[in-house]
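Coordinate-derived values only; no laboratory data. Given the structure is predicted, the values throughout are model-derived calculations rather than measurements. So basically every Cβ, Gly included, is an ideal-geometry build from the backbone, and we count neighbours across all protein chains shown.
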Amino acid sequence: MKIKITINGTEREFEIKGSEKLIDLLRENGYKSVKKGCGEGFCGSCTVLMDGKSVRSCIMLAAQAHKREIVTIEGIGTLDNPHPLQTAFVDEGAVQCGFCIPGMILSAKALLDEKPKPTEEEVREALDGNLCRCTGYVKQIQAVMKASEKMRGEN
Amino acid sequence: MKNLKFFYYPDTLQGAVKLLKEQPVKTEMIAGGTSVALSRDSSVEALVDITRLGLNYIKAEGGYVKIGATTPLQQIGRSRAANKLANGIVSQCAMEVASRPLRNVITLGGNIVKLKTWTDMPTVLLCLDAQIKIQEDEEEEKIIPAEDFFKQYPKKSLKPHQIVTEIIFPMTMENSGGAYCKFSKTKGDYAVVSVGCYIEVEDGVCSLARVAIGSASPLPSRCVDAEILLESKPLEEKIIKQAAKLCRDSVKTVDSLWGSARYRSILVERLVNRALTSCMEKINANK
């Protein structure tokens, strides 16, 4: 069956099997940042944005994303022109192995797009669904707070 | 879902019901999909997406708060209208489910229909006497109280084409207190036991008492004996203790990976105690 999904601003058409998951569709079409961690919706490494909200692509059928807008981390910044969140994560030392990072940054972006000046508690709640085995989360929360200041033009 | 071949996107409720009824192959509905997408049921060949029918809303009207069945839990958690119910326990319950990316797609209707032992929202629906609107057929709808809805597994009582469309909460009174306590091993984890209590007070005594217990047994339920004990009496520590003990003795708990039946019984008593005490404190603070 045919579906249309806007990915990182570009509308694309796909021929899919009914049972295909969104994560597999994305990875097979080059969006390798979307990681398969648990395949059950718990770890958060598969997190993408759908219509601006963070969702789990591993427990979503690709067909559910028909006529929706998907954003992966490939779409928010480049090596030459990184998103302030990407810069902040690097500057604050919030990245170790890197596996959880795409999902973590997208969850943070969804929060900051909706609430440009979050409290630390709100950052924790937004990132609660992204597990990280390396860092202990401290630097990541710091990075999001720093990025939010930058995005508001405060430093 | 390996034999899934067809996916439909109706934009009217009647259209959705028609599709579910008339397909020659086994057809189910899908909302957030967190339950359906992982399903191993290879007999399902078609899915009907019910998230584009305009059932995503939260509105306060005519003394009720009405929530559309495909409203995501995150939205309920952040809604001012929903927060006005019973000291915010509906929103609190929603926000204690899983994590944000899951709450962004888990719908209220989906949560209550795909009822499992650890499902969260039914507890607050029961203690607040919510009503559930079901589209029975293209032109027929019915409204049933939560208490009747949860007497059996919704998957068994609902026909494949019947869609839950709305959950209706009566607006809670000023002289009242509501509390929700969920015990889980980590934040956002499956509930081991959850308790929802709602008390209305008039002339110094309980005029209405509701005690709902979820996840302790396969189906959520109200402890009516405890409610009868509380009603017409002043809400104080001694009677709360008695009510909590009554709940422990009358709720038949189950063993599962997340807790033994014995542990759950202890939790029932402790959480009912906590929730009722919280109700009492809130009522006293309002005076």
Amide H neighbours of B:GLY259 under 5 Å, counting only residues 5+ apart in sequence or on other chains, H built in-plane at 1.01 Å? none
Starting with the fewest neighbours, write out B:VAL224, A:VAL34, B:VAL90, B:VAL268 ranked by other beta-carbon atoms found within 10 Å of each beta-carbon. B:VAL224, A:VAL34, B:VAL268, B:VAL90
Nearest-ten-degree value, helix B:13-22 long axis tilted from longest Cα axis of chain B: 60
Compactness relative to 2.2 N^0.38 Å, alpha carbon Rg of the protein assembly as shown: 1.03
Which value in deg cm²/dmol, rounded to the nearest 500, describes the helix-derived mean residue ellipticity at 222 nm for the protein assembly as shown, given -39,500 (n - 2.57) per DSSP H run of n ≥ 4 and division by the residue count? -9500 deg cm²/dmol
C-alpha long axis of helix B:237-250 to longest principal axis of chain B, angle in °: 40
For each of B:ASP49, B:ASP120, A:ASP80, count neighbouring Cβ atoms within 10 Å of the residue's Cβ, then give the residues from fewest to most. A:ASP80, B:ASP49, B:ASP120
Taking 1 over the mean of 1/r across every pair of different Cα atoms in segment B:176-285, what Kirkwood radius in Å do you get? 13.7
Restricting things to alpha carbons, tell me how big chain B is in terms of Rg and Dmax, in Å. 19.2, 62
Nearest 0.05, what FRET efficiency do B:LYS156 and A:THR6 give at R0 = 56 Å with Cβ-Cβ as r? 0.90
With the cut-off at 24 Å, report for chain A the share of all Cα pairs above it, as a whole percent. 30
When segment B:6-49 is reduced to its Cα atoms, the Kirkwood hydrodynamic radius in Å: 10.7
Chain B, Gaussian network, Cα under 10 Å: of B:LYS182, B:LYS142, B:LYS66, the residue fluctuating most is B:LYS142
Taking segment A:1-120, the lysine pairs whose C-alpha atoms sit under 16 Å apart (8 or more places apart or on different chains) add up to 14
What shape does segment B:119-186 have by the C-alpha gyration tensor, where a ≥ b ≥ c are the square roots of the eigenvalues, rounded means a/c under 1.5, and otherwise prolate means a/b greater than b/c and oblate the rest? oblate
Hey, what angle do you get for helix A:101-114 against the long axis of chain A, alpha-carbon based, 0 to 90 degrees rounded to 10? 80
Env charge @ A:ASP128, Cβ radius under 12 Å, K,R +1 / D,E -1, value -1
Comparing B:LEU108, B:LEU126, B:LEU208, which has the greatest mean-square fluctuation in the GNM of chain B with Cα pairs linked when under 10 Å apart? B:LEU208
Listed residues A:GLU20, A:GLU28, A:GLU69; largest mean-square fluctuation, Gaussian network over chain A with Cα springs below 10 Å, found at A:GLU28
Can you tally the net charge around B:LEU53? Count Lys and Arg as +1, Asp and Glu as -1, for every other residue whose Cβ sits under 12 Å from the Cβ of B:LEU53. -2
Ratio of the Cα radius of gyration of segment B:58-170 to 2.2 N^0.38 Å, where N counts its residues: 0.99
For B:ALA216, net neighbour charge (Lys/Arg +1, Asp/Glu -1) across residues whose Cβ lies under 9 Å away: +2
